[in-house]
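To keep things clear, I will list the structure first and then write my remarks on it.
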Amino acid sequence: AQSVSQHNHHVILSEAASLELGCNYSYGGTVNLFWYVQYPGQHLQLLLKYFSGDPLVKGIKGFEAEFIKSKFSFNLRKPSVQWSDTAEYFCAVNAPRAGNMLTFGGGTRLMVKP
Amino acid sequence: KAGVTQTPRYLIKTRGQQVTLSCSPISGHRSVSWYQQTPGQGLQFLFEYFSETQRNKGNFPGRFSGRQFSNSRSEMNVSTLELGDSALYLCASREGGGSTDTQYFGPGTRLTVL
């Protein structure tokens, strides 16, 4: 079975700081990778996803993530955060050969100070 | 299109009771998945239905069950409620059954078991 680890549980940044949230997964086969965001009081929303091709994927709101297969990692980045990025971020994987369910990491709570 | 809707949004039950939660997927979506979100365990997959058939099931006891109707609406049922069942139950829909299809999440039903 696949598993996902997010190393940072809580991150506090000032506006305009750069962001990198770590995500590592464990599964030996092909995976699809996702980052979801949950703003306070709102639904989980998809930020970006990676299936194949260019390992650097760009998502909404200026976020991007890089898939490094050799490191089993899919880190999320944003060059300059805004107060409105305050939210909880979840990394998720699914493995087509192991069913289509999403396996989520534990989440990272990001607080951006104005 | 309207998003994924879940009813009720909040529910309070006592131990030993049973509960039924409802999910209406985005129009045209045939796959519905259910997830449980708790502070301790995070987001965990419960089950997935596609065209009225359960395709995958997570590691939850048999007290958790679900079904999908011909209009793709889905219900999940939890019998003999325990205190540990208190959680946010999320429903997600996607258009097809492929692993690369984006899952769109609803607002969730917050279940409190007293």
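Which three extents, in whole angstrom, do the alpha-carbon atoms of the range B:41-97 cover along their principal axes, largest first?
Per principal axis, max minus min of the Cα coordinates gives 34, 22, 17 Å.
List the longest stretch of chain B that has no exposed loop site; here a site is one of the trypsin sites (Lys or Arg not before Pro) assigned by DSSP to anything other than H, G, I, E or B, with at most 13 other Cβ within 10 Å.
By the stated rule (loop sites, at most 13 other Cβ atoms within 10 Å), B:64-114.
Once the convex hull of the C-alpha atoms of the protein assembly as shown is built, how many Å³ does it hold per residue, rounded to a whole number?
It comes to 122 Å³ per residue, whole-number rounded.
Suppose every Lys and Arg Cβ carries +1 and every Asp and Glu Cβ carries -1, with no other charges. What dipole size does the protein assembly as shown come out with about its Cα centre, to the nearest 20 debye?
So the dipole magnitude of the protein assembly as shown works out to roughly 260 debye.
Distance between Cα centroids, the range A:56-114 to the range B:79-103: provide it in whole Å.
About 20 Å separates the Cα centre of the range A:56-114 from the one of the range B:79-103.
For chain A, what is the largest minus smallest coordinate of the Cα atoms on each principal axis, given in angstrom and ordered from greatest to least?
Projected onto its principal axes, the Cα set of chain A covers 44, 28, 22 Å.
Return the average number of partner chain Cβ atoms within 10 angstrom of each residue Cβ along peptide A:57-68.
Average per residue, whole number: 0.
Using the charge dipole of the protein assembly as shown (Lys, Arg: +1 at Cβ; Asp, Glu: -1 at Cβ; taken about the Cα centre), state which of B:79, B:45, A:70 has its Cα farthest towards the positive end.
Final value for the positive-end residue is B:79.
Which percent of the Cα-Cα distances in the range B:15-54 go past 17 Å?
Across the range B:15-54, Cα pairs with separations above 17 Å total 47 percent.
Which of the chymotrypsin sites (Phe, Trp or Tyr not before Pro) found in the range A:1-95 are in a DSSP loop and have at most 16 neighbouring Cβ atoms, other than their own, within 10 Å?
Here the sparse-neighbourhood loop sites are A:51.
What total accessible area, in Å², is buried where chains B and A meet, using a 1.4 Å probe and rounding to the nearest 100?
Chains B and A together bury approximately 1500 Å².
From Cα coordinates alone, what are the radius of gyration and Dmax values for chain B in angstrom?
13.2, 39
Using the Cβ atoms and a cut-off under 13 Å, what net charge is assigned to the surroundings of residue A:41, where Lys and Arg are +1 and Asp and Glu are -1?
+1
When chain A is modelled as a GNM with alpha-carbon springs shorter than 10 Å, which of A:29, A:59, A:41 fluctuates the most?
Residue with maximal mean-square fluctuation among A:29, A:59, A:41: A:41.
For peptide B:72-82, compute the average count of partner chain beta-carbon atoms within 10 Å of each residue's beta-carbon.
So the per-residue partner count for this stretch is 0.
Can you work out the accessible area per residue across the protein assembly as shown, with the rest of the protein chains kept in place, probe 1.4 Å, in square angstrom?
47 Å²
Loop-only chymotrypsin sites (Phe, Trp or Tyr not before Pro) in the range B:43-114, please: DSSP not H, G, I, E or B, and at most 15 other Cβ atoms within 10 Å.
B:69
The values are calculated or read from the model by the stated rules, or taken from the named source; none is laboratory data. All values reported here derive from a predicted model rather than from experimental measurement. Every residue, glycine as well, gets a Cβ built from its backbone with ideal geometry; the counts of neighbours run over all protein chains shown. The area values use the complete protein model at the heavy-atom level, side chains included, leaving out ligands, DNA and RNA. Shrake-Rupley method; radii C 1.70, N 1.55, O 1.52, S 1.80 Å.
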